[in-house]
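Contents: one structure, followed by commentary.
The values are calculated or read from the model by the stated rules, or taken from the named source; none is laboratory data. All values derive from a computational prediction rather than experimental measurement. Every residue, glycine among them, receives a Cβ derived from its backbone with ideal geometry; neighbour counts consider all protein chains shown.
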Amino acid sequence: MPEKIKPELLQLLEPSALPCRILVVESLAYLPRLREMFPRAELLACADDPELALAGPAGESWARMGEIPEQGSMEDFFRGLGVEFTLLDYLSRRLPYGPESLDYIICDLALERAGNPQDIAAGFSTYLKQTGAFLTSFRNIRFWEIIEELQGGHYYQVVSRLYARPEFERLLYASFYKFVRCAPQCRTAPPGRIAALTAAGFENIQGDMETEFYLVRADRSMPEMALLKSMYTPEERGELSRLLHRIEYGIELSESAESFWLLWERLGLFSDYAGQFVQEAVFHHEQFYRNLRRFSPGKEREIAEMEERGEV
């Protein structure tokens, strides 16, 4: 059966004019649209065979589908989009990028052929910034057509790993991602097929027997923490976190409170940010605010606003 995955992972991203660093693995057909969505991005790409990686659904070439010009070499294609390309098999070799250096990694069906999919998923997470995300997809083993093939004693897909949604989500959470979202790609079954399968004992959980593929976004951080981590450098956040914990546990309270307000002024902190940071980083909230108030004369308004914003 020809490949039917539709290249739709970019619907899980919001366009941005900010500079960022995006790696596309194998799924090179995303590159033209990515350049439109992220005009200031540093685009990186790797594939074992770039010609095959540019193949579209059902064997159609992206050139014929209007996504990529038919004329010109592969080098011209990458050069025209401002893409730094590396010839590499991601399943057998480490990616040539530094830890926490990428904002997004995009790769359709990335874990289907992996001998140890958790090694690949967890390995990808090490290249992502704390605010980054891995965008991928997987074939749903509970899709009606696959179930019928298995009932007949056949399976025609050349893959080594098959997943249902709960299994795939567990794999990603075990690979150090904190927030996973799945969007279905559906194909309606012929009349009577779903009824026949449910009568045979298969559960159609939330209609997933008509979900052929799932599109997945796995974030390194929870959405709230991703926002907090995006606004200041890791060193600045580390300094803030250290001071908050010293105040929380009453360590040299006078000096710690004074250092906190000096940091507030130096970084331009504000109540919304600080309140949310306290909510996420501090365990004993009441104790923290009680200690901070004791050694923060004239800061009653700022502390009250922090406490209020942290509860929102």
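A compact table of results
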read-out: Pick from the range 115-163, criterion among the aliphatic types (A, V, I, L, M) and modelled with pLDDT of 95 or more, ranking: farthest from A195 (Cα to Cα); value: L128
read-out: Qualifying residue in the range 157-169 (condition: of a type in the set (K, R), closer than 30 Å to L263 by Cβ and not assigned by TED's automatic domain parsing to the domain that holds R290); value: no
read-out: Failed item, numbered, when E248 is tested on (1) under 27 Å from the mean Cα position of the chain (by Cα); (2) acidic (D, E); (3) buried (at least 18 other Cβ atoms within 10 Å of the Cβ); value: (1)
read-out: One residue from F138, F124 being assigned to a helix (DSSP H, G or I) and within 24 Å of E51 (Cα to Cα); value: F124
read-out: Some residue of the range 85-105 being within 30 Å of G207 (Cβ to Cβ), exposed (fewer than 15 other Cβ atoms within 10 Å of the Cβ) and modelled with pLDDT under 95; value: no
read-out: Residues within the range 34-51 that are surrounded by fewer than 17 Cβ atoms within 10 Å (Cβ to Cβ), in contact (Cβ under 8 Å) with a residue 12 or more places away in the chain and under 16 Å from S92 (Cα atoms), tallied; value: 1
read-out: Given (1) at pLDDT 90 or above; (2) in contact with a helix residue (DSSP H, G or I) (Cβ under 7 Å, 6 or more places away or on another chain), number of the condition G298 does not satisfy; value: (2)
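Each row is one residue, and each column tells you yes or no for (1) in contact (Cβ under 8 Å) with a residue 24 or more places away in the chain; (2) closer than 30 Å to G123 by Cβ; (3) assigned by TED's automatic domain parsing to the domain that holds K129.
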residue: I205; (1), (2), (3): yes, no, yes
residue: R217; (1), (2), (3): yes, yes, yes
residue: G238; (1), (2), (3): no, yes, no
residue: Q287; (1), (2), (3): yes, no, no
